[in-house]
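What follows is a single structure, written as structure tokens, with notes after it.
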Amino acid sequence: MSARDFEPCIRLLFPLLAILLAGFACAQPMGRDEARLLLTRSSFAASEGEVDQFSALSREQAVDRLLSWVKPEASVPPPPWTATYDRPQRETLMSLEAREAYRKEQLRRALELRAWWFAEMLTTPSPLTEKLTLFWHGHFVSAQQKVRITHLMYRQNQVLRHHALGNFRAMLHAIARDPAMLIYLDTAGSRSEAPNENFAREVMELFTLGEGHYAERDIKEAARALTGWGVNRDNGEVVFRPRQHDAGVKTLFGRVGRYDMDAVLDLLLEKPEAAEFIAAKLWKEFVSPTPDPVEIRRLASVFRNADYEIQPLLRALLTSGAFYAQANRGTLVKSPVDLLVGTLREFRFQVNEPAPFVAALRQLGQDLFNPPNVKGWPGGDAWIHSASLLGRKLLLERLFRFEQSGSMAAAMQGGDMAAIEPGRSDARKSARAQGGMNGAIEFDSDGWLAGFRASPDGARQLSAALLPLPPVQALAAQPTLAGIRQLVLDPAYQLK
Amino acid sequence: MHRRKFLQWFGAAGMTLPAAPGCFAAASKAAAPADYRRLLILVELKGGNDGLNTIVPYADLAYYAHRPRLAIPREQVLQLDDRFGLHPSLAALLPLWKDGRLALIQGVGYPTPNLSHFRSIEIWDTASKSDEYLQDGWLTRSFAAAATPRAFAADGVIVGSNELGPLAGNGTRAIALNNTEQFLRQARLAAPHGLAGNRALAHILKVEADIRQAASGLDARFDFRTEFPKNDFGNAVKTACQVIANPAGVAVVRVTLGGFDTHQNQLPVQARLLQDLADGIVAFRSALTELSRWDDTLLLTYAEFGRRVRENMSGGTDHGTASVHLATGGRVAGGFHGEQPSLAQLDGEGNVQHAIDFRSVYATALERWWGIPSDGPLGGRFTPVEFVKT
């Protein structure tokens, strides 16, 4: 045979080789360093065993494994009162004692709900699910303070978890008609005579498009389309009252039609800004405080092409070069949940009573089910100021103050950590009471340190295991409890 | 231009926004360096104090008509003039009134008021418009435009609360503490480091440095002869005075008196709280006089809102709008300022219209007290209320 006969084969060969080489590069084991980064940022913490396992996988395989563990429901059984909806009572019709008792009960439920979610975060086999549920809770904000009915906050939490790694379009539709959201953003009771603009504005500004991509006119017209919805507080059901709905023709983003709630939401998702807005937010959660515009456009494309399925977007984000880039290491500030849940999971603390930790989260600025306002938690540098930094370090110091099995009870709810809120004495007393019971917490320091102690390179490995950057404190930390203390109190431990 | 940089530029240039005839006078005041030897003490009346029962319009029949059970009986009111009088629990403030050092600023509120505690206090703390969401406290922006002396222990100290309120946001050196001993103990967790690393790390190191500077500047223990009230608020006042006693200095201290959200059983609750307030203010005056700082002090109360004119069915009042606030200090021009809103012109919720925007009161603190520009930090021109003697 002559060379000419081989030509077609050769023509095929180079592209095939290129594909093979690219495939080979992608199939490269990610190594320990990248595995640790992925696990810390996506799953609160990274045990050495997990790092070992994931280090043998490629980036794609690792992320696919994490995604395969995602669950649409929590594992920890919720508090028993979540099973039925209790009609809220009119406090004004009660005697003083009855009102006190009712308020105490409402407070108790609110605390129980937080404790439940915290317990889920601590024990879930899919921490990525909880990370994303919390992310969406800070995005599609509703707050207990305004919604009041704890049962509805629980239901919304279920909706968020169900869709957290599902489809954004489906989540948007579900959240818009979620009773807690209907109450929080005043859609409930908005009627055609005087449409309430709150949800219309926030769904554009904060939930899908971001400022500057809509006009005031669009808000007014969208508000008309959102009329007619209500929440029957007697049974917690959502109702739609056609007579209160403005069924007229609306003009939205230059389009004309008899739009209703669903139509408005779909119109929002037709705008290219929506995918970019969400991609940028996820970037700031997982990659760095400063989204790369070119990368955001690429990720938005992926998101749109997947018709708003969240997993492909997350997969693209968590396998991107930017995620693993050295320049982006340690540029994200751990949220109070990251810090606390991360530390408890990392060191495999046995927690008997979540209540004191839930109070601590609130002290540090992240009260579950209660973002400070509709913009959610600002995050980033905002987590760290003089009061919160001292609070964070105090907490860490106490976690590692005791050898082997330590009792955190007194420490957690003593003077320094107690809620200092004049005028909220009910909450303070209740939190203290909760924290007083079985606040024990155990840490097996010898067991956890064993691997590091056995290794000749233990000090360096310990530092690499706990910090995303070289420690600021120059003196090397040895693999002892004191060494752990030194590392978790290092400023670099506040970052991920 | 990013809004914050825009404001800083105005502040740094020492300019006021154009138009107002008095602007030349204001501009020349602003050009002089800020006088941070003068101290601002903020007293937060958390929960929303009922102003109507504090400075009582005892000659107004509408007051008694709206509050058949809650109104302070005419004979109990400590009459200040032929229209208004003090709630009896504020008797301890009468000497200040007689000395002409107690200013009563009536009708303080803002347009399109919000009746939610959380939202409304956010509006007050960030000096935002009612439909605007700002991150930084008004004092954070003020100090960004006109920095406090580098040697100060901190820009401001928040006593008894983790919520930085007017000092929220980055770029300000604000410390929250319960008492100075506890703070000094905890501050050892902030160890000395260089200032290096990526932006996030640099921020953390800076906060640590601020904490250490505050700790080294707040370690004085002054033996006051003043007897501070033996209750939570009295402790907070004492802590504030300990902070102020340090030569290193701070520009502002905030204390909080809570429990004012009197939806029920208002009479005894407010009576006790106003007593605490009066006793606390008297203690401040006494302790600051010991420190020779009373003439350098401006004390201002504030709250998220006042309360509904009409009493409710539980012996209390629901959330309201504009209210009266107190100002006192060695250079305060005592007397009535602003205007008691009419009880006959109520809005749809039964609430009064405001007479003075709270940002005008802030403008007084910034321009008349410290001599720094207020337009930039407050996002507009708010004419100061003249309760500070020049």
Filter the range A:214-243 for residues that are outside any strand (DSSP E or B) and within 16 Å of A:L172 (Cβ to Cβ); the one that is most open to solvent (accessible area, probe 1.4 Å) is A:Y214
Taking the range B:247-260 and keeping residues surrounded by fewer than 21 Cβ atoms within 10 Å (Cβ to Cβ) and on the phi < 0 side of the Ramachandran plot leaves B:P247, B:A248, B:G258
Picked from the range B:246-267 (must be aliphatic (A, V, I, L, M) and within 17 Å of the chain's Cα centre (by Cα)), the residue nearest to the other protein chains (Cβ to nearest Cβ) is B:L257
Exercise for the section: Inspect the range A:280-287 for any residue being basic (K, R), under 23 Å from the mean Cα position of the chain (by Cα), within 14 Å of chain B (Cβ to nearest Cβ) and open to solvent by 30 Å² or more (accessible area, probe 1.4 Å) and give the result as yes or no. Expected result: yes
Listed by first then second residue, the pairs whose first member lies in the range A:284-296 and is closer than 13 Å to A:A325 by Cβ, whose partner is modelled with pLDDT of 95 or more and hydroxyl-bearing (S, T, Y), with beta carbons under 6 Å and at least 6 positions apart or on separate chains, are A:S288/A:T331
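Take B:L90 and decide whether it is in a helix (DSSP H, G or I), more than 22 Å from B:Y36 (Cα to Cα) and touching a strand residue (DSSP E or B) at 6+ places or on another chain (Cβ under 8 Å).
Details: in a helix (DSSP H, G or I): yes; more than 22 Å from B:Y36 (Cα to Cα): yes; touching a strand residue (DSSP E or B) at 6+ places or on another chain (Cβ under 8 Å): yes.
Yes; evaluated as a whole, the condition is true for this residue.
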Those residues of the range A:90-120 that are in contact with a helix residue (DSSP H, G or I) (Cβ under 7 Å, 6 or more places away or on another chain) and farther than 30 Å from A:L134 by Cα come to a total of 3
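Among the residues that make up the range B:268-278, is at least one of them touching a helix residue (DSSP H, G or I) at 6+ places or on another chain (Cβ under 7 Å), within 14 Å of chain A (Cβ to nearest Cβ) and at pLDDT 95 or above? Walk me through how you get there before you give the answer.
Of all residues in the range B:268-278, those touching a helix residue (DSSP H, G or I) at 6+ places or on another chain (Cβ under 7 Å) come to B:270-271, B:274-276, B:278.
Next, only the ones that are within 14 Å of chain A (Cβ to nearest Cβ) stay: B:270, B:276.
Next cut, at pLDDT 95 or above only: B:270, B:276.
Within the range B:268-278 (the criterion being touching a helix residue (DSSP H, G or I) at 6+ places or on another chain (Cβ under 7 Å), within 14 Å of chain A (Cβ to nearest Cβ) and at pLDDT 95 or above), the answer is yes, since at least one residue qualifies.
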Of those in the range B:230-245 that are away from chain A (no Cβ under 14 Å) and over 26 Å from B:A147 (Cβ atoms), the residue farthest from the chain's Cα centre (by Cα) is B:K230
- Is there a residue being in contact with a Phe, Trp or Tyr (Cβ under 6 Å, 6 or more places away or on another chain), among the β-branched types (V, I, T), assigned to a loop (DSSP other than H, G, I, E, B) and at pLDDT 85 or above anywhere in the range B:47-55? no
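Looking at the structure I just gave you, is A:M417 open to solvent by less than 40 Å² (accessible area, probe 1.4 Å), under 26 Å from the mean Cα position of the chain (by Cα), at pLDDT below 95 and within 14 Å of chain B (Cβ to nearest Cβ)?
Numbers: open to solvent by less than 40 Å² (accessible area, probe 1.4 Å): yes; under 26 Å from the mean Cα position of the chain (by Cα): yes; at pLDDT below 95: yes; within 14 Å of chain B (Cβ to nearest Cβ): yes.
In short, yes.
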Answer with yes or no whether B:E181 is acidic (D, E), farther than 19 Å from B:I372 by Cα and touching a strand residue (DSSP E or B) at 6+ places or on another chain (Cβ under 9 Å).
no
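Would you confirm whether or not the range B:85-106 contains a residue that is without any contact (Cβ under 8 Å) to a residue 24 or more places away in the chain and surrounded by 15 or more Cβ atoms within 10 Å (Cβ to Cβ)? First the steps, then the outcome.
Taking the range B:85-106 and keeping what is without any contact (Cβ under 8 Å) to a residue 24 or more places away in the chain, we get B:94-95, B:98.
Imposing the further condition that a residue be surrounded by 15 or more Cβ atoms within 10 Å (Cβ to Cβ) reduces the set to none.
No, the range B:85-106 contains no residue that is without any contact (Cβ under 8 Å) to a residue 24 or more places away in the chain and surrounded by 15 or more Cβ atoms within 10 Å (Cβ to Cβ).
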Checked the range B:116-168 for anything touching a Phe, Trp or Tyr at 6+ places or on another chain (Cβ under 7 Å), within 12 Å of another protein chain (Cβ to nearest Cβ) and outside any helix (DSSP H, G or I); matches are B:D155
In this structure, is B:L288 within 16 Å of the chain's Cα centre (by Cα) and open to solvent by less than 10 Å² (accessible area, probe 1.4 Å)? no
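Conditions (1) within 28 Å of B:S116 (Cβ to Cβ); (2) small (G, A, S); (3) open to solvent by less than 10 Å² (accessible area, probe 1.4 Å), marked per residue:
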| residue | (1), (2), (3) |
| --- | --- |
| B:G137 | yes, yes, yes |
| B:A151 | no, yes, no |
| B:A154 | no, yes, yes |
| B:G169 | yes, yes, no |
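Name the single residue, out of those in the range A:113-146 being of a type outside the set (S, T, N, Q) and over 23 Å from A:T343 (Cβ atoms), that is most open to solvent (accessible area, probe 1.4 Å).
A:K146
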When every residue in the range B:218-242 that is touching a Leu at 6+ places or on another chain (Cβ under 8 Å) and assigned to a loop (DSSP other than H, G, I, E, B) is compared, the one least open to solvent (accessible area, probe 1.4 Å) is B:L218
Over the range B:62-76, the set of residues touching a residue at least 12 places away in the same chain (Cβ under 8 Å) and open to solvent by 10 Å² or more (accessible area, probe 1.4 Å) is B:A62, B:H66, B:P68, B:R69, B:A71, B:R74, B:Q76
Output for Cβ contacts, cut-off 7 Å, separation at least six or different chains, first residue in a strand (DSSP E or B) in the range B:356-379, second open to solvent by less than 10 Å² (accessible area, probe 1.4 Å), reads B:I356/B:I105; B:I356/B:G107; B:I356/B:V108
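Say whether the condition of being part of a loop (DSSP other than H, G, I, E, B), open to solvent by 80 Å² or more (accessible area, probe 1.4 Å) and of a type in the set (K, R) is met by at least one residue in the range A:59-78.
To start, the set of residues in the range A:59-78 that are part of a loop (DSSP other than H, G, I, E, B) comprises A:69-78.
From what is left, the residues that are open to solvent by 80 Å² or more (accessible area, probe 1.4 Å) are A:69, A:73, A:77.
Retained after the next criterion (residues that are of a type in the set (K, R)): none.
No, every residue in the range A:59-78 fails to be part of a loop (DSSP other than H, G, I, E, B), open to solvent by 80 Å² or more (accessible area, probe 1.4 Å) and of a type in the set (K, R).
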Taking the range B:180-217 and the residues there that are touching a residue at least 12 places away in the same chain (Cβ under 8 Å), open to solvent by 50 Å² or more (accessible area, probe 1.4 Å) and farther than 27 Å from A:K496 by Cβ, the one that is farthest from the other protein chains (Cβ to nearest Cβ) would be B:S216
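The values are calculated or read from the model by the stated rules, or taken from the named source; none is laboratory data. What you see is a predicted model; the values in this text were computed from it and never measured. Positions of Cβ are backbone-derived with ideal geometry, glycine not excepted, and every protein chain shown enters the neighbour counts. Only protein heavy atoms, including side chains, enter the accessible area calculation; ligands, DNA and RNA are left aside. Shrake-Rupley method; radii C 1.70, N 1.55, O 1.52, S 1.80 Å.
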